[in-house]
Amino acid sequence: MDRAAHFGWGLHAVERLRGRVGALVVVDVLSFSTAVDVAVARGADVLPMAPGDGQALPELVKAKGEGAVVAVKRGEPGYSLSPASLTGIAEGTRLILPSPNGARLSAAAVNGAAVFAGCLRNAGAVAQAALETAGQGDVGVVAAGEHWPGGEWRFAIEDLLGAGAVLHVLSLAMEGEAGRARDAFRACGAHVGEFVRGSISGRELIDRGYAGDVDLAVEQDVSCVAPRLVDGAYRAA
């Protein structure tokens with residue numbers, strides 16, 4: 001049977017695909033996956049954690065005991081979910097990075113396929129690593145979307161385009177909506193950055209003074225690192 005690429009949204013897609021594919025790519029362009037790429041490219045390890053995950057608290061304490069640091073809120077001094085805050089992260093840093101979207105999906109994906117963090121910056125590297133790691137298995141790409149404080153989930157065009165960028169590089173048959181996500185990325189052409197900047201999350205970050213985070217997120221294939229989740233931490237594959 002020919003190998004194929006699969007696409008889906010959010011936690012439902014993670015649960016549906018993690019036992020069916022050889023590699024799973026989590027895409028949260030604004031901002032988890034971009035932050036992971038920036039940090040891992042500089043030699044740091046990133047430990048994803050879903051906010052409020054009480055079951056993860058013992059692991060958090062253990063990680064802190066091993067010298068890990070916990071990310072602060074965006075805008076506070078220190079490392080945070082802001083990719084710009086991680087451009088100077090020290091090699092060897094172990095960063096615990098909570099996120100309601102990408103980190104939550106990453107935590108849910110363990111004990112299944114090999115898990116990678118994909119974004120526009122590293123789409124080519126992640127696609128190649130996922131292909132190689134999956135062996136003869138399929139590859140799944142999951143767009144995170146956005147969870148709002150009240151629990152409402154919304155479509156996020158930046159994640160559709162980030163997933164499409166990964167799917168664009170995969171030399172596999174496209175199952176279901178995978179081909180539509182790939183085609184959406186291709187159709188945007190040179191205007192991908194404009195679409196991300198004009199998205200709800202993009203405009204929100206820019207209005208809050210984080211245009212630099214969006215600038216980092218819209219850079220395409222500038223990273224040769226494929227962050228893979230190993231023993232609870234994203235590190236260079």
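List of remarks:
- Simple point charges give the picture: +1 on the Cβ of Lys and Arg, -1 on the Cβ of Asp and Glu, and for the chain a dipole about the Cα centre of about 220 debye.
- Test item: Cα-centred dipole of segment 183-237, Lys/Arg +1 and Asp/Glu -1 on Cβ, debye: 100 debye
- Considering only the chain, percent of DSSP beta bridges that pair antiparallel, nearest 5: 25 percent
- Of the GluC sites (Glu not before Pro) found in segment 130-176, those in coil by DSSP whose Cβ has at most 16 other Cβ atoms within 10 Å are Glu152, Glu175.
- Think of the chain as a dipole: +1 on every Lys or Arg Cβ, -1 on every Asp or Glu Cβ, centred on the Cα centre; then among Leu24, Val126, Gly145, Leu24 lies furthest on the positive end.
- The loop-placed chymotrypsin sites (Phe, Trp or Tyr not before Pro) in segment 131-230, going by DSSP, include none that has at most 11 neighbouring Cβ atoms within 10 Å of its Cβ.
- Length-normalised contact order for the chain - Cα pairs under 8 Å, 6+ apart - percent: 33 percent
- Under the convention that each Lys and Arg Cβ holds +1 and each Asp and Glu Cβ holds -1, the size of the dipole of segment 138-237 around its Cα centre is about 100 debye.
- Sorted fewest first by neighbouring Cβ atoms within 10 angstrom, Arg18, Arg180 come out as Arg180, Arg18.
- Local charge for Ala23 was computed over the other residues whose Cβ lies under 14 Å away, with Lys and Arg +1 and Asp and Glu -1, and equals +2.
- Amide H contacts for Leu47 (H built 1.01 Å from N in the peptide plane; partners 5 or more residues away or on another chain; cut-off under 5 Å): Leu95, Ile96, Leu97, Tyr234.
- Residue-wise HN-Hα couplings along segment 193-207, as the Karplus relation 6.51 cos²θ - 1.76 cosθ + 1.60 with θ = phi - 60° gives them from phi, are x, 5, 5, 5, 5, x, 6, 4, 5, x, 5, 4, 5, 4, 5 Hz; Gly and Pro carry x.
Read the figures in this text as sums done on the coordinates, not as results from a lab. If you're wondering where the values come from, they're calculated on a predicted model, not measured in any experiment. Neighbour counts are summed over all protein chains in view; Cβ atoms, including those assigned to glycine, are modelled from backbone coordinates with ideal geometry.
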